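This report concerns only the one structure given below.
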């Protein structure tokens, strides 16, 4: 059994995920800093008798709130990438067929007679959901990460998708 983390495509996919997380984190920090600088500039202009800057308060609020949200998203994605990297070291990829039953409702049917696994996609990004939907009936690789968490990737692709198992109602 070769750990999934040793696969070069897996390393590339996780590196790409980490870069995306760093972009969110960096963009959020920049937005917060710009919001603070805009606030300082508005107060300075008003204090020097230049009058109020129209829309400065709304601009500051928007930059700080959006920036804080982006920081949270980026930090969460960085932590998720780290967790995935650690857990992939202890498991291997399983090949099977992916069936899509809805926007985020999936079924992974492993090759070799194992029971199918019912999953729900973690991502809410429209482009990621559509990319997974396009894999309906395709051969993919999946790895259990422990607990209810799984990681999916199309064969020969540099993208990973997180999913969680869902109980089957019967």
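For region 83-92, which residues satisfy the criterion of being under 20 Å from the mean Cα position of the chain (by Cα) and in contact (Cβ under 8 Å) with a residue 24 or more places away in the chain?
Looking only at region 83-92, we keep the residues that are under 20 Å from the mean Cα position of the chain (by Cα), and these are 83-89.
Within region 83-92, 83, 84, 85, 87, 88, 89 meet the criteria.
Looking for whichever is in contact with a strand residue (DSSP E or B) (Cβ under 8 Å, 6 or more places away or on another chain) and under 30 Å from residue 111 (Cβ atoms) here; the options are 9, 15. Which one fits? Full working, then the answer.
Values: 15 fails: in contact with a strand residue (DSSP E or B) (Cβ under 8 Å, 6 or more places away or on another chain).
The conditions single out 9.
Please work out if residue 68 is part of a helix (DSSP H, G or I), free of Cβ contacts under 8 Å to residues at least 40 places away in the same chain and surrounded by fewer than 18 Cβ atoms within 10 Å (Cβ to Cβ). Answer is no for this residue.
Are any of the residues in region 75-93 surrounded by fewer than 18 Cβ atoms within 10 Å (Cβ to Cβ), outside the structural domain of residue 161 (by TED's automatic domain parsing) and more than 30 Å from residue 110 (Cα to Cα)? Yes; the residues of region 75-93 include at least one that is surrounded by fewer than 18 Cβ atoms within 10 Å (Cβ to Cβ), outside the structural domain of residue 161 (by TED's automatic domain parsing) and more than 30 Å from residue 110 (Cα to Cα).
When residue 74 is tested against (1) assigned to a helix (DSSP H, G or I); (2) free of Cβ contacts under 8 Å to residues at least 12 places away in the same chain, only condition (2) is not met.
The values are calculated or read from the model by the stated rules, or taken from the named source; none is laboratory data. Please read these numbers as outputs of a predicted model, since none were measured by experiment. Note that each Cβ is placed from the backbone with ideal geometry, even for glycine, and that neighbours are counted across all protein chains shown.
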